[in-house]
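Following: one structure in structure tokens, then a few remarks.
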Amino acid sequence: MKHFTHIIRSGIFSLLAISLIISCKRDRSEPVDSNNYYPLEVGRYLIYDVKEEVYSAGQANPVKKSWQEKDEVDRVSTDDEGIPTYIISRSRRNSAAEYWQKEKEFTVQRYPDKLLTNIDNQTFFSLAFPVDPKVQWNGNSYNSLDAQNYHYEDLNKPVQVGTQSFDKALVVVERKDSSIINRYIGVKQYGLGVGLISDDQTAFELCQSEDCIGSGKIESGTHRARIIVEFGKR
């Protein structure tokens, strides 16, 4: 009888364990609201560490700079069609010990199917909704720049950015062009419930003289990386 009771208890525990595993898998695969990859509300802010390397022809080493930037949603307006435009203030400081100095404003418009960012008088098609790995779009379709084919990678996956971990994030590959004479790469990561968590942009012209073509030696160009260090709402 005791042996029979033990078997029943073991069976119950096994069923509970299986149910828990199934539940966890369902939780991980639950659909997410695409808009939450770029949450927008007045007072929400994000702070980044920014590092930049500038290469110049004839210079052996790049000029390196670092600073911090803060993007904060300052206000919002809505047009006659109900499309909200968020005005975001960008401030800058050389280190965490200094005061913020406002640098510029830019806008973000949220449509049901897309997110448009207007910065420095250029409008970029930043995100396409709903988020899907099969979706591709021209990030420059609202400006006069050459067409750039954006696409998603690594949807809803955990990532480590700097010292911070994010349970669900996505990658937007804006550009990935490399040859023996140049290298252009643009990749952004967005964290669910946070927004932009990293932005890595590379634009290099490589050495083209006979003695070094194909070596990958950087002749000129810029590499800039933004890594989130803090976010919240004032």
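For the chain, what is the calculated [θ] at 222 nm in deg cm²/dmol (nearest 500), taking -39500 (n - 2.57) for each run of four or more DSSP H residues and dividing by its residue count?
-4500 deg cm²/dmol
What does the charge dipole of the range 46-134 about its Cα centre add up to, to the nearest 20 debye, if the Cβ of each Lys and Arg holds +1 and the Cβ of each Asp and Glu holds -1? Walk me through the numbers on the way to the answer.
On the way: 13 positive and 16 negative charges, 76 e Å.
Here the size comes out at about 360 debye.
What's the exposure ranking of K168, K104, K217, going from fewest to most Cβ atoms within 10 Å?
In increasing order of surrounding Cβ atoms, one gets K104, K217, K168.
Assigning unit charges at the beta carbon (Lys, Arg +1; Asp, Glu -1) and nothing else, what dipole magnitude in debye, to the nearest 20, does the range 66-192 show about its Cα centre?
The dipole magnitude comes to about 380 debye.
Would you please calculate the Kirkwood hydrodynamic radius of the range 37-233 over all C-alpha pairs and express it in Å, rounded to one decimal?
Result for the range 37-233 stands at 18.3 Å.
Once you've got the GNM for the chain with C-alpha springs shorter than 10 Å, pick whichever of S209, S179, S66 has the biggest mean-square fluctuation.
S209
Using the Cα centre of the chain as origin and beta-carbon charges of +1 (Lys, Arg) and -1 (Asp, Glu), tell me which of F166, S220, Y38 is placed farthest towards the positive end of the dipole.
After comparing all options, I get F166.
Compare S34, S77, S91 in a GNM of the chain, Cα atoms joined below 10 Å, and give the one with the largest fluctuation.
Result for the chain, Cα springs under 10 Å: S77 fluctuates most.
By how many degrees, 0 to 90 and rounded to 10, does the Cα axis of helix 2-29 deviate from the longest principal axis of the chain?
Rounded to the nearest ten degrees, it is 30.
Which value, in debye to the nearest 20, gives the size of the charge dipole of the chain about its Cα centre, when Lys and Arg are +1 and Asp and Glu are -1 at the Cβ?
1100 debye
Which one, V63, N118, V194, projects farthest toward the positive side of the charge dipole computed for the chain from Cβ point charges (K/R +1, D/E -1)?
Result: V194.
Looking at the chain as a GNM with Cα springs under 10 Å, which of L196, L115, L127 has the largest mean-square fluctuation?
With Cα springs under 10 Å in the chain, the top fluctuation among L196, L115, L127 is at L115.
Bear in mind these aren't lab numbers, they're just calculated from the coordinates by the rules spelled out. Being a predicted model, the structure only gives us computed values, none of them experimental. When we count neighbours, we look across all protein chains shown, and the Cβ atoms used for this are built from the backbone with ideal geometry, even at glycine.
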